[in-house]
Structure formats: structure tokens, C-alpha cells
Amino acid sequence: MQKILVSRCLLGHRVRYDGGASGPFDQLQQWLDEGRVVPLCPEVAGGLPTPRAAAEIPGGQGGEVLDGHAFVITTEGEDVSAEFLSGAYQALERVQKLGIRIAVLKANSPSCGNLLTYDGTFSGVKVSGEGVTAALLKRHGVQVFSELELAEASQALATLS
Ligand code: SF4
């Protein structure tokens, strides 16, 4: 059965930086019931606590963090790139081990955002870009959707099943 990597915070797990979570989402619940969901929070997997300081990537490009050209910085000025990279590579290891080709990751996150991220100024400004984990998974051919694209994710699953 084709499995799907899903951000833990979309499954109601209170792992978000502020201790919150999102959902419930009917489509994700259906996939849970089918046994397809592989939950992961890259930031927690990378060793960060919950709650934790908010973090953004100056410029908003997770791919640049992968390449060592940008860093993930918290509101307190701490560089948490190493934890973000660790979480991203754990996600990659998981998808490669399980043959996962679809991920549903939380929109706008510096780890999980697939289309938009915050610009690093902590002022709510979003730019076109990907979080660190989303960028790494895309580089390795995983189709990454957000909770705003569950219909598209479902269609992608149908083409693989
Ligand atoms: S958006 Fe990603 S990194 Fe952030 S809490 Fe959710 S699963 Fe964890």
C-alpha cells in the first residue's frame, strides 16, 4: 500500500512551536484509518523542544539551507539549522525506506511549507519558497502537498494506486 508522510501537527499532535496543532482533516483521518499515514515532525525529530522559539529562514528558501547558503534563525537569534537539517534528512530516510512518493506537510512552515515560507523578518511576510524538509523531499522526487491541497494529494495518490 502506498504510504503518505504527514506533518504531525496536522494530525492533532501538539508539536507546533507554540504548542499548538491543526486539524482535524477528514481526508487525513481516512488515510489514517487505511493505515497509510507515516507521521513526522521534522523539528521535533531534529531535537528541538515544544514549545520552542519561532524560527524563519532569511529569504525563505529551504533549498539554500540544504546547500549551506542560508540558515534557520529563531526570534532569539539562535541558529537552529542543524536541527532543521537533521529533521529533513530523517524525513528523507523514512520516505526512502518506505517507498513514499507523496507527502502532506503543513503550509508556510520553515520546515514543512511547500509553496510559501516566511521571509525571515518575523513580520508575517511570506515569499515563494519551501521549508527545509519540503525542499529536500522535492529534490528526491516526492510530491509535496499542504493541508490546503488535500484534493490534489488525493488525486496524486489515485494515480499511484
Ligand atoms: S509544521 Fe512541520 S516542523 Fe512544524 S510542527 Fe508541524 S510537523 Fe513539525
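The values are calculated or read from the model by the stated rules, or taken from the named source; none is laboratory data. Every value quoted in this text rests on a predicted model; they were computed, and no experiment measured them. Note that we place each Cβ from the backbone using ideal geometry, even for glycine, and neighbour counts take in every protein chain shown. Keep in mind that these areas ignore ligands, DNA and RNA; they rest on the heavy atoms of the full protein, side chains included. Shrake-Rupley method; radii C 1.70, N 1.55, O 1.52, S 1.80 Å.
Express in % the proportion of alpha carbon pairs of the chain at distances exceeding 26 Å. Mind showing how you got there, number by number?
Numbers: 2471 of 12880 pairs.
Roughly 19 percent, once rounded to a whole number.
Cα centroid separation, the range 88-107 to the range 22-69: 10 Å.
For the pair the range 72-87 and the range 111-149, the centres of their Cα atoms are 15 angstrom apart.
Dimensions of the range 43-108 along the principal axes, based on C-alpha atoms and rounded to the nearest Å, stand at 37, 26, 21, largest first. Along the range 126-143 the Karplus relation, 6.51 cos²θ - 1.76 cosθ + 1.60 evaluated at θ = phi - 60°, assigns HN-Hα couplings of 9, 10, 5, x, 10, x, 5, 5, 4, 5, 5, 5, 4, 4, 9, x, 7, 7 Hz to successive residues, with x for each Gly and Pro.
In this structure, the amide hydrogen of residue 102, modeled 1.01 Å from its nitrogen in the peptide plane, lies closer than 5 angstrom to those of 5, 143, counting only residues at least 5 positions away or on a different chain.
A Gaussian network model of the chain, with springs between Cα atoms under 10 Å, assigns the largest mean-square fluctuation among 45, 134, 88 to 45. Phi angles across the range 74-91 convert, under the Karplus curve 6.51 cos²θ - 1.76 cosθ + 1.60 with θ = phi - 60°, into 3J(HN,Hα) values of 7, 4, 8, x, 7, 8, 10, 4, 4, 5, 5, 5, 4, x, 5, 6, 5, 5 Hz, Gly and Pro given as x. When the solvent-accessible area of the chain is split by element, carbon and sulfur atoms take up 50 percent of it, the probe being 1.4 Å. Protein heavy-atom accessible surface, 1.4 Å probe, per residue over the range 56-161: 46 Å².
Keeping all protein chains in the complex and leaving out DNA, RNA and ligands, what accessible area do you get for residue 17 with a 1.4 Å probe, in Å² to the nearest 10? Its heavy atoms expose roughly 100 Å² to the probe. 3J(HN,Hα) along the range 107-117: 4, 6, 6, x, 9, 9, x, 9, 10, 10, 9 Hz, from the Karplus curve 6.51 cos²θ - 1.76 cosθ + 1.60 with θ = phi - 60°, whole Hz, x for Gly and Pro. In loop segments of the range 59-161 as defined by DSSP, the GluC sites (Glu not before Pro) with at most 11 further C-beta atoms inside 10 Å of their C-beta are 76.
For residue 107, nonlocal amide neighbours, meaning residues 5 or more places apart or on other chains whose placed amide H falls under 5 Å from its own, are 147, 148. DSSP beta bridges confined to the chain are antiparallel in about 35 percent of cases. A Gaussian network model of the chain, with springs between Cα atoms under 10 Å, assigns the largest mean-square fluctuation among 135, 103, 21 to 21. For the residues 109, 81, 128, a GNM of the chain with alpha-carbon springs under 10 Å puts the largest fluctuation on 128.
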